[in-house]
1. Taking the condition in contact with a Pro (Cβ under 7 Å, 6 or more places away or on another chain), at pLDDT 95 or above and charged (D, E, K, R), does ARG147 pass?
2. Looking only at helices (runs of 4 or more DSSP H) that fall completely inside the stretch 75-183, which ones have 1 or more residues that are surrounded by fewer than 23 Cβ atoms within 10 Å (Cβ to Cβ) and among the hydroxyl-bearing types (Ser, Thr, Tyr)?
3. Restricting to the stretch 219-249, name every residue that is charged (D, E, K, R) and more than 20 Å from ASP179 (Cα to Cα).
4. How about the stretch 203-237: which of its residues are open to solvent by 30 Å² or more (accessible area, probe 1.4 Å), touching a Lys or Arg at 6+ places or on another chain (Cβ under 8 Å) and in contact (Cβ under 8 Å) with a residue 24 or more places away in the chain?
5. Suppose we filter the stretch 207-217 for residues that are more than 15 Å from TYR187 (Cα to Cα) and among the charged types (D, E, K, R); how many remain?
6. Any chance you could count how many residues in the stretch 196-222 are assigned to a loop (DSSP other than H, G, I, E, B) and within 24 Å of VAL80 (Cβ to Cβ)?
7. Considering only the stretch 1-48, state which residues are among the charged types (D, E, K, R), open to solvent by 50 Å² or more (accessible area, probe 1.4 Å) and part of a strand (DSSP E or B).
8. What do you reckon, is LEU132 in contact with a Leu (Cβ under 6 Å, 6 or more places away or on another chain) and not acidic (Asp, Glu)?
Amino acid sequence: MGLTFGIYPGGLLGDEEGIVQPVSPDDPERVTAALDALQGDAPTLTVRAYRSFAATVSPPPPTPADPEQYLGRGRRLDLVLQFREPTGALDGWTEFVREAVREYGPRLASVQICEEPNVRLPSLDGSVPGVLDALVRGVVAAKREARDLGLPVAVGFNAVPVFDPADTFWSDLAALADDEFRASLDYVGVDFFPDVFRPLPADKLAGAVTAVLRSFRDTHLPKAGIPVGVPLRVCENGWPTGPGRPEDR
């Protein structure tokens, strides 16, 4: 089974408080050179980019800016459409989603609807009222537009693993989801960062990763009625370097 890899090449980053400042500006020439080196002889590499919707406030800026400039050598876009309307009103949201699919068209590899809708932090969509409605309607709208255009675009959403038995995200999603939503899902993404927030010995890493993915598949997804045949995708993953964590680790 082949794997397709990708990377977010932007300088804009967030933490539990919001956008991390100062923001390192994108350097398109260096970004392109780094993507070329990372891709090597592979026929493709996906470029992850984020765009936000808000109607009553200014949305966060897209990142990286103008991602199409990085799509040479067979690379395509892994586009995240965030729901950032603070009132939770959905007016204009599905058209925003459909317009994004039309705009990028055949340059799209995939569209992710919402960003970590089960995390209630200021920089993430889980903190926004109505995010589950936006998630369900956005997935359906993206898939309808892709089908109308005849585009083989993978449509899905992401979440983080949760180990609190009182968490209701997946059951709440089940209450809103319908057959069209589930039929529109080409993947469900999992964001997780083993050995980052809680250090792990190297010999424990593989087992921990397996356990997280198994729990996500076998415990979380069934609560939302998501069929076992829907693929999992690792959407966000990585390790910071710095004191105590050299690049070779």
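1. no
2. Ranges flagged: 93-104, 169-176.
3. Of everything in the stretch 219-249, those that are charged (D, E, K, R) and more than 20 Å from ASP179 (Cα to Cα) turn out to be ARG233, GLU236, ARG245, GLU247, ASP248, ARG249.
4. Across the stretch 203-237, the qualifying residues are GLY225, PRO227, LEU232.
5. Total satisfying the criteria: 1.
6. 2
7. ASP15
8. So LEU132 passes the test.
The values are calculated or read from the model by the stated rules, or taken from the named source; none is laboratory data. Computed from a predicted structure; not experimentally measured. Backbone-built Cβ (ideal geometry, glycine too); neighbour counts: all protein chains shown. The protein model used for the area step is the full one, side chains on, heavy atoms only, and it has no ligands, DNA or RNA in it. Shrake-Rupley method; radii C 1.70, N 1.55, O 1.52, S 1.80 Å.
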